[in-house]
Amino acid sequence: MDEATRNFFERHLFTIAGTPVTVATLLSALTIVIAALVVSWFLQRVLVRPFRRATVQDGTIAAIRRLIHYAVVLVGMGIALDTLGIDLGALFAAGAFFAVALGFAMQNIAQNFVSGVILLVERTIKPGDVLEVEGRVVRVVELRIRSTLVRTRDDEDLIVPNSVLVQSTVKNFTLRDSLFRLNTTVGVVYSSDLEAVFRELRSVAAALPWRYKAKDPRVFLTDFGDSSVNFRVSVWIEDPWDARVLLSNLNDAIWWALKNAGIVIAFPQLDVHLDPPVMQSIERLSAGSPAA
């Protein structure tokens, strides 16, 4: 390098915090920033591939790419500022104070963001899954970095914070497979022929065209109630999302099967027994009344 070129690169431009900035240090800082942008582009292409293979939603992938970009560029800017002679310690001290204040203000957002990352990594909840969240059966439409979009059986769109899915107990009806056990109960009067009841219930459950054929229906005598002998009928279906409609079909089939077989479905009844003194008083009142 000749003397003129060396003088050009060592030319003093300005001073930052008592540190002179030359053309060489400025070019070095710019090179570091450009390198950070290149590294960010490369990492986005490499690290996002597993999420694409896992069929993660495009919106979630875009959010992950933004996070990678910001993280890499932030590191690059820090190195560039250090090259220029800016004291990063003072900046970090001020930044830490600001981060703590911002953290308290955005606690819920940060919590939901971390929960979203956990859901993306664990893959225990995926788009299309049928869940029970806070007593509601919903289908997952889209996993986002802060919240999850779900749809109810009444065609209502709900935005569920990711922290709810991570910190509470959630039923995932389609985690391993989509098989779902559909249960209903029915009570018959005590004078019924129990063998006939078992036979009719098994027959009507086995004849359902929409049930999962690889698993046989089950009929249980569950308990002896105050007014009825109670049975539970269980059949398996392949899509838990249709459970509400299919349960109605099952109840309708049971009603007509028992009715056609002459088996009475019980309803609450109350027998009143009066003590002899009470009966005698009623008889005296009846004997003394004009109607008597």
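The values are calculated or read from the model by the stated rules, or taken from the named source; none is laboratory data. This structure is a prediction, so every number in the text was calculated from the model and none was measured. For neighbour counting, all protein chains shown are included, and Cβ atoms are generated from backbone atoms with ideal geometry for every residue, glycine included. Calculation scope for accessible area: heavy atoms of the full protein, side chains included, ligands and nucleic acids excluded. Shrake-Rupley method; radii C 1.70, N 1.55, O 1.52, S 1.80 Å.
Quick notes on this one:
- Residue 238 accessible area, 1.4 Å probe, all protein chains in place, Å² to nearest 10: 110
- Inter-probe distance in nm under a simple model that places probes 7 Å from Cα toward Cβ, at residue 118 and residue 178: 2.9
- Restricting the trypsin sites (Lys or Arg not before Pro) of region 116-216 to loop positions (DSSP other than H, G, I, E, B) with no more than 13 neighbouring Cβ atoms within 10 Å leaves 123, 176, 213, 215.
- Local electrostatic count at residue 181 - Lys and Arg +1, Asp and Glu -1, tallied over other residues with Cβ under 15 Å: +2
- Cβ-defined net charge surrounding residue 136, 15 Å radius [Lys, Arg +1; Asp, Glu -1]: -2
- Segment residue 198-residue 223, extension gain: residue separation times 0.36 nm, minus the distance between their alpha carbons: 7.6 nm
- Calculated FRET efficiency for the pair residue 31/residue 249, C-beta based, R₀ 41 Å, to 0.05: 0.05
- Net charge contributed by nearby residues that have their C-beta within less than 14 Å of residue 274 (K/R +1, D/E -1): -2
- Among the chymotrypsin sites (Phe, Trp or Tyr not before Pro) in region 199-272, those placed in a DSSP loop whose Cβ has at most 15 other Cβ atoms within 10 Å are 210.
- Average silhouette area of region 216-292, convex hull of alpha-carbon atoms, in square nanometres: 9.7
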